[in-house]
1. List, in order, the whole-Hz ³J(HN,Hα) value for each residue of the range 134-142 obtained from phi through the Karplus relation with A = 6.51, B = -1.76, C = 1.60 and θ = phi - 60°; use x for Gly and Pro.
2. Which of the chymotrypsin sites (Phe, Trp or Tyr not before Pro) found in the range 50-152 are loop residues per DSSP with 13 or fewer other Cβ atoms within 10 Å of their Cβ?
3. For the chain, what size does the Cα cloud have along each of its three principal axes, sorted from largest down, in whole Å?
4. For each pair in 64/96; 3/89; 89/145, compute the distance between the two Cα atoms and list the pairs where it is over 31 Å.
5. With θ taken as phi - 60° and the coefficients 6.51, -1.76 and 1.60, list the Karplus ³J(HN,Hα) couplings across the range 102-119 in order, rounded to whole Hz; mark glycine and proline as x.
6. Can you list the GluC sites (Glu not before Pro) in the range 1-102 that are in a DSSP coil and have 13 or fewer other beta carbons within 10 angstrom?
Amino acid sequence: MGKKEIIPLITKEGHNYLIQFEFIGKAQIPDGVKTDIVDVLISVENNVGINNSSTLGQFASILKKYLTENNVILYCYCDHAEINRAANKQNMSPQKYRSKLFSAMFDKQGNDDYVSQLIVINDEVDHYIHLISHKKNEGDIVSLKNEVLAQK
């Protein structure tokens, strides 16, 4: 298991983000999943940030670089904090909107060697989780998704 890694990102607008990669303990991973799982947390200073295409592209590049250097599954949870949404997206929950942004930013990177799996858990509040890894780990991603959905 690897160590926790934090990558700072300062956007051209001057917003300060931290992208944190933290390995999830083996005791929390289903037995059938052999690939290490890394929780990804993106935070912004003073909860002020701009989710423009440049910033999203920088996030995607950082995630892709991490995956290139590590054979892991990235576990990315879209949180419930409020986010600025376009007028035609106001009916979308913050977490669903983040999920759409997340998918779009990753798809634009041309990631043919990677697989991204979305898990939506319908609860009191909908939960959106993205699992991303090399295609060779697709079986582990499916197993992990099935395990997460079985526990809801």
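1. In residue order, the calculated couplings are 5, 4, 5, 9, 4, x, 5, 5, 4 Hz.
2. Answer by residue number: there is no such site.
3. 42, 35, 29
4. Violating the 31 Å limit, Cα to Cα: 3/89.
5. So the J values, rounded to whole Hz, are 4, 4, 5, 5, 6, 4, 5, 7, x, 9, 5, 8, 10, 10, 10, 10, 9, 10.
6. The qualifying sites are 13, 82.
Each value in this text was obtained by applying a stated rule to the coordinates, not by laboratory testing. In this text the structure is predicted, and so the values were computed from the model without any measurement. Cβ atoms come from the backbone with ideal geometry, glycine included; neighbour counts cover every protein chain shown.
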